[in-house]
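The values are calculated or read from the model by the stated rules, or taken from the named source; none is laboratory data. The structure displayed is predicted, hence computed values, not measured ones. When we count neighbours, we look across all protein chains shown, and the Cβ atoms used for this are built from the backbone with ideal geometry, even at glycine. Remember, those area values only see protein heavy atoms, side chains included, never the ligands or the DNA or RNA. Shrake-Rupley method; radii C 1.70, N 1.55, O 1.52, S 1.80 Å.
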Protein chains: 2
Amino acid sequence: MGSSRDRPIADESRDANDADVRRQLIDAATVEFARNGFAGASTRAIAVRAGAHQPQINYHFSSKEALWRAVVDDLFTQLSSFLEPEGTFEDPVDEFRQWVLGLVLFSAERPELSRLIMHEAASYNDRMNWLVDSHVGPYLERRVRVWSSLKDRGLTEAIVDEFAYFALIGAITIPFCLMPHVERVHGPVDYDRATLERHAEGLVRAFLPGLDS
Amino acid sequence: MGSSRDRPIADESRDANDADVRRQLIDAATVEFARNGFAGASTRAIAVRAGAHQPQINYHFSSKEALWRAVVDDLFTQLSSFLEPEGTFEDPVDEFRQWVLGLVLFSAERPELSRLIMHEAASYNDRMNWLVDSHVGPYLERRVRVWSSLKDRGLTEAIVDEFAYFALIGAITIPFCLMPHVERVHGPVDYDRATLERHAEGLVRAFLPGLDS
DNA sequence: ACGAACCATTATCAATTGAACAAAGCGAGA
DNA sequence: TCTCGCTTTGTTCAATTGATAATGGTTCGT
């Protein structure tokens with residue numbers, strides 16, 4: 001254990017250390033939580049992956065739960081950078097299209113967020129309540145409103161309204177959520193920007209047949 | 001469902017007891033595994049929910065893992081009863097439509113299967129390997145073949161091929177997988193057969209715009 | 001140079017986990 | 001009635017969990 005293999009810091013890093021451990025811990029926790037869920041991820045496994053020691057988790061974050069929330073905060077920050085403009089659209093179709101594309105690109109790059117949510121979303125626990133209250137809630141309401149607006153224009157597919165948003169979320173994220181399986185079936189897949197854009201546009205047209213371009 | 005939940009054996013049950021404990025344990029484990037994942041579900045919580053004792057799990061099943069596999073076997077048995085005909089179709093469109101409807105109806109009644117899979121599918125572990133090898137594998141290949149067949153006829157939406165099946169699976173199951181959230185947003189939803197049929201048809205037409213009925 | 005604040009590191013805690021074991025209960029057949 | 005096989009029940013174990021305490025070292029302000 002005492003070897004230099006698991007040493008957390010390189011010799012050159014003097015003060016980079018400060019926030020660096022936090023960063024390493026968050027990145028490691030993102031992987032572990034996304035793979036194994038909250039209960040399945042142990043703080044020791046996270047620490048090993050981060051090249052740190054287990055008590056450092058309780059030092060830099062107050063608890064395992066707080067680390068989990070920090071991971072989610074971090075992922076949603078990254079997500080928002082993919083959905084940047086957000087609200088500057090006049091045409092709901094443009095907004096819808098931009099949102100689908102942004103979510104596709106984000107899910108391809110960071111499938112961890114969807115995986116993390118899927119682990120918690122099967123029931124209502126404290127973590128899920130926090131997630132809905134502090135992140136998903138208002139965001140989701142806006143999406144529902146855009147969908148209503150599109151429906152009023154007669155553009156939407158005849159999917160049951162209550163399910164439309166979640167069906168779309170599923171269609172967008174599940175292929176990336178289950179990427180190991182996609183590749184098991186189809187072999188390695190490459191996600192050039194062009195392919196992802198084509199995919200996003202396909203989904204838009206599937207859910208908005210009224211566009212009939 | 002069982003009326004006497006907190007009692008392991010009803011007084012009347014003489015030999016019904018034999019397989020009854022197995023049944024109770026599987027039902028309880030289905031709930032616990034679906035809610036909390038494999039790691040998050042404890043054998044003690046399962047036993048309490050089943051009105052049984054924790055060591056009975058290792059007696060009737062050899063291990064927690066074996067119980068999990070029994071749960072999955074049970075759920076797939078129920079699924080197959082929803083997708084009954086399976087292979088008697090000449091027209092791939094009929095087969096596709098029947099499959100979507102079956103999966104919608106099943107997911108509405110037993111969202112546990114999708115939830116259970118979502119918990120495991122984020123990475124490849126022993127459980128996921130077993131699940132793919134013994135249940136999902138050939139089933140999935142058939143779906144991919146049907147999709148190819150539909151694509152050859154120019155019926156499919158221009159979704160990236162490798163993602164089509166998984167996007168559809170996501171669109172079908174996620175609304176039921178995340179039912180607590182659907183109801184949090186839209187209030188209680190009722191799943192009359194008619195509504196579910198309408199929903200399934202909407203999804204079919206979304207992914208097969210070539211039908212343009 | 002001194003001490004204070006910060007952080008890494010080791011060791012250890014109580015609680016919970018899945019599993020194992022032994023003994024008792026119980027029904028059926030000889 | 002007695003015995004045998006299956007099941008239940010109570011207890012216990014080793015391992016793992018998240019968290020804390022204690023110690024040591026480094027950096028910076030004064």
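Quick notes on this one:
- For residue B:151, the lysines whose Cα falls under 29 Å of its own Cα, not counting residues fewer than eight places away in the same chain, are A:151.
- C-alpha center-to-center spacing [the stretch B:37-73, the stretch B:147-203] in angstrom: 32 Å
- Helix runs (DSSP H) in chain A reaching 27 Å along axis by Cα, Kyte-Doolittle at least 0.0: A:64-82
- Each copy carries a label point for residue A:197 at 7 Å from Cα toward Cβ; from one copy, the others' points are 4.3 nm away, ordered from shortest.
- Heavy atoms of residue A:151 accessible to a 1.4 Å probe, total area in Å² rounded to 10: 100 Å²
- Summing Cβ point charges (Lys, Arg +1; Asp, Glu -1) relative to the Cα centre of the stretch A:83-211 gives a dipole of roughly 280 debye.
- In the stretch B:54-127, a dipole from Cβ-located charges (positive for Lys and Arg, negative for Asp and Glu) runs towards its positive end, and of B:123, B:83, B:56 it is B:56 whose Cα lies farthest in that direction.
- Surface accessible to a 1.4 Å probe, residue B:177 within the full protein complex, Å²: 10 Å²
- 10 Å Cβ shell holding at most 13 others, DSSP loop, GluC sites (Glu not before Pro): longest site-free stretch of chain B: B:91-213
- Gaussian network model of chain B, Cα within-10 Å springs - most flexible of B:41, B:108, B:158: B:158
- Rounded to the nearest 20 debye, the dipole size of the protein assembly as shown about its Cα centre is 1040 debye, using +1 on the Cβ of Lys and Arg and -1 on the Cβ of Asp and Glu.
- Under 19 Å from the Cα of residue A:64 - aspartates and glutamates, other chains or at least 8 residues apart: A:20, A:27, A:32, A:73, A:74, A:112, A:120, A:126
- Copy-to-copy label separations for residue A:109, where each label sits 7 Å from Cα toward Cβ, in nm and ascending: 4.4
- Charge dipole of the stretch A:15-123 (Cα centre as origin; +1 on each Lys and Arg Cβ, -1 on each Asp and Glu Cβ, all else neutral): 760 debye, rounded to the nearest 20.
- Virtual spin-label span in nm between residue B:190 and residue B:148, 7 Å along Cα→Cβ: 4.5 nm
- Accessible area buried at the A-B interface, both sides summed, 1.4 Å probe (Å², nearest 100): 4700 Å²
- Selection from B:163, A:203, B:174 lying farthest towards where the dipole of the protein assembly as shown points positive, charges on Cβ: B:174
- Springs between Cα atoms under 10 Å define the GNM used for chain A, and in it the highest mean-square fluctuation of A:38, A:76, A:89 occurs at A:89.
- Per residue value of the accessible surface for the stretch A:55-167 (all protein chains in place, 1.4 Å probe), Å²: 43 Å²
- Inter-copy spacing of residue A:158 label points, which lie 7 Å from Cα along Cα→Cβ, given in nm from shortest upward: 2.5
- Cα-based shape type of the protein assembly as shown, given that a ≥ b ≥ c are square roots of the gyration tensor eigenvalues and the cut on a/c is 1.5: oblate
- Choice from A:31, A:132, A:100 showing the highest fluctuation, given a GNM over chain A with Cα pairs closer than 10 Å: A:132
- Atom-type composition of the exposed protein surface of the protein assembly as shown places 47 percent of the accessible area on carbon and sulfur (1.4 angstrom probe).
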